[in-house]
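Heads up, the thing below is written out as structure tokens.
Laboratory data are not the source of any read-out in this text; all were calculated from the coordinates shown. Just so it is clear, the model here is predicted, and its values are computed rather than measured. In this analysis, Cβ positions are derived from the backbone assuming ideal geometry, glycine residues included, and neighbour counts consider all displayed protein chains.
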């Protein structure tokens, strides 16, 4: 094939002439239909048109599926996929007759063959414990009938959904309100700190959730999650809201920030959480409280537009 302008011989897959720079037309591109146009338009190594948000008039609309972050199987035949990158969801395939439980209002979608029952598991005592740990008084149970059922649960904030495949008697201590759903064999309880006085001053770390196996459970943690393994006696200090989860062997406590200037001008609050090994800990980058506090700076208050944000409350008034 020769260049139409200077006559230089071109490579078979050339897009332009290396001598004069004249673009090389794709033979039949005008008459071969949209597929030939795709080949001419897309650069080498780029996505195909089927992988982007595009459809032609009258054709079926197909959206690219979200990325699958993780997949696995529970101890009673349940299968799951965790999908999404920032706002994640977990989709469960539940065998006929098996039961998945969640807090009330946690379900996002389900197949038609799933029966839902709402009850107060553990009686008044269990309901009170769940209320203290940030969960609802009532729990919902989902059981497929007549075949495998599909059910999905979505995260409430940007972050990570973490599967906990727990053995008999194995526990994990998690931040309150992190529980999403679990197999019916999993038990959910509250975890009190040993020193109640420091716990009250320590804020949201005073009451946490204890999730105990056997069975598969899912928790949602805020932002990105960083894991550390602490040796015996090794300690990490963290802002309380950044403590997402830890093993029961880890000693969790709260201490006051030292130094007069640190207390007044440090901006880190009066207390810090201490985590002492042995055991593994998981820290999160965006605590829900910090996110809410940041967003509150841009919310209207008292009809005033002060604070550098727009007063949306008066935007549409006459």
query: Among 181, 17, what is the fewest-to-most ranking by other Cβ atoms within 10 Å?
result: 17, 181
field: Ranking of 298, 80 by count of other Cβ atoms within 10 Å, fewest first
entry: 298, 80
message: Only counting other Cβ atoms within 10 Å, I'd like 176, 237 sorted with the fewest neighbours first.
response: 237, 176
